[in-house]
Amino acid sequence: MTQPINSTTVPTEVVLSKYVITCGDEGVQINEGRRLAFVGAGFQLKGFSEVVKILKKILDKELRIVSSQENDWIKAKLDLQNWQQVNAMMQQHIDALADKEGLLYSGYLPFTDPRKLEYDVKGHMVRPHNVHIANKICFTLGGGEQIYNLGHFQISADWVAEAPKALVKEVILPQVEFYKALAKRGDLPFVFSEKGELGETVAAKNKAALAAVGIK
């Protein structure tokens, strides 16, 4: 039906999510923002810089990034002895990583009620202190985490179809091995989240790119 000339109806604007890079720890919950998960929020993860460039191209040039409490990757990489050291170092290093990669550092996710951070991000830590209960690894394929699940470690694979196979292996496989060790299990089942703003076709391409490096 044609609208009258004086109608106040305007086309619906598509509002895209504000994407935020976090650790893939199962305790990280983002209440406002769309989560893109990388172990340690990308700290000392080989290939992360190249992935950020791809994410800015396919999702948003203004990506956010947050640090979070009790990060096992940071603890291992920096050979730290207690969580107080880990928490302080993660904030410092993720803030510096944001500067290096041209990301917006939103702040720090604690074990409290959801906290409003900078750049329209809100979240907190929800797993028990010093305990990991995830029993699966979830790969996001269509534009970040759509539904939070405390039983899932998260890995963003929203970018892999745009990357060389060598980069996919370099970034994805160390994360998988780290979470297997963290869970103290010989293996962790994989699940795939295909929903999101990138659409089904892109998600299918990302899933195929993962299969090409043995993730299926």
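Summary of values
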{"quantity": "Residues of the range 53-101 satisfying the condition of being of a type in the set (S, T, N, Q) and closer than 21 Å to A183 by Cβ", "calculated": "S68, Q69, N71"}
{"quantity": "Answer residue from the range 26-63, given it is assigned to a helix (DSSP H, G or I), in contact with an Asp or Glu (Cβ under 9 Å, 6 or more places away or on another chain) and of a type in the set (A, V, I, L, M) and is farthest from E170 (Cα to Cα) among those", "calculated": "I58"}
{"quantity": "E177 over 14 Å from the mean Cα position of the chain (by Cα), free of Cβ contacts under 8 Å to residues at least 40 places away in the same chain, within 22 Å of D72 (Cβ to Cβ) and surrounded by fewer than 21 Cβ atoms within 10 Å (Cβ to Cβ)", "calculated": "yes"}
{"quantity": "Condition broken by T112, with the remaining ones in (1) surrounded by 14 or more Cβ atoms within 10 Å (Cβ to Cβ); (2) more than 24 Å from G196 (Cα to Cα); (3) without any contact (Cβ under 8 Å) to a residue 60 or more places away in the chain satisfied", "calculated": "(1)"}
{"quantity": "Subset of the range 140-167 that is over 15 Å from the mean Cα position of the chain (by Cα) and part of a loop (DSSP other than H, G, I, E, B) - its residue that is surrounded by the most Cβ atoms within 10 Å (Cβ to Cβ)", "calculated": "A163"}
{"quantity": "Residue pairs meeting the criteria (Cβ under 7 Å; at least 6 apart or on separate chains; first under 20 Å from K180 (Cα atoms) and in contact (Cβ under 8 Å) with a residue 24 or more places away in the chain, in the range 20-36; second basic (K, R) and buried (at least 24 other Cβ atoms within 10 Å of the Cβ))", "calculated": "T22/R35"}
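Conditions (1) in contact with a Lys or Arg (Cβ under 8 Å, 6 or more places away or on another chain); (2) closer than 15 Å to F38 by Cα, marked per residue:
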residue: I65; (1), (2): no, yes
residue: D72; (1), (2): no, yes
residue: K77; (1), (2): no, yes
residue: Q81; (1), (2): no, no
residue: Q91; (1), (2): no, no
residue: K122; (1), (2): yes, no
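Table: residues versus (1) of a type in the set (D, E, K, R); (2) surrounded by 16 or more Cβ atoms within 10 Å (Cβ to Cβ); (3) at pLDDT below 95.
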{"residue": "R34", "(1), (2), (3)": "yes, yes, no"}
{"residue": "G42", "(1), (2), (3)": "no, yes, no"}
{"residue": "L45", "(1), (2), (3)": "no, yes, no"}
{"residue": "F48", "(1), (2), (3)": "no, yes, no"}
{"residue": "K56", "(1), (2), (3)": "yes, yes, no"}
{"residue": "V66", "(1), (2), (3)": "no, yes, no"}
{"residue": "D72", "(1), (2), (3)": "yes, yes, no"}
{"residue": "K77", "(1), (2), (3)": "yes, yes, no"}
{"residue": "Q84", "(1), (2), (3)": "no, no, no"}
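The values are calculated or read from the model by the stated rules, or taken from the named source; none is laboratory data. Keep in mind it's a predicted model, so treat the numbers as computed, not measured. Glycine also receives a Cβ, built like all others from the backbone with ideal geometry; neighbour counts cover every protein chain displayed.
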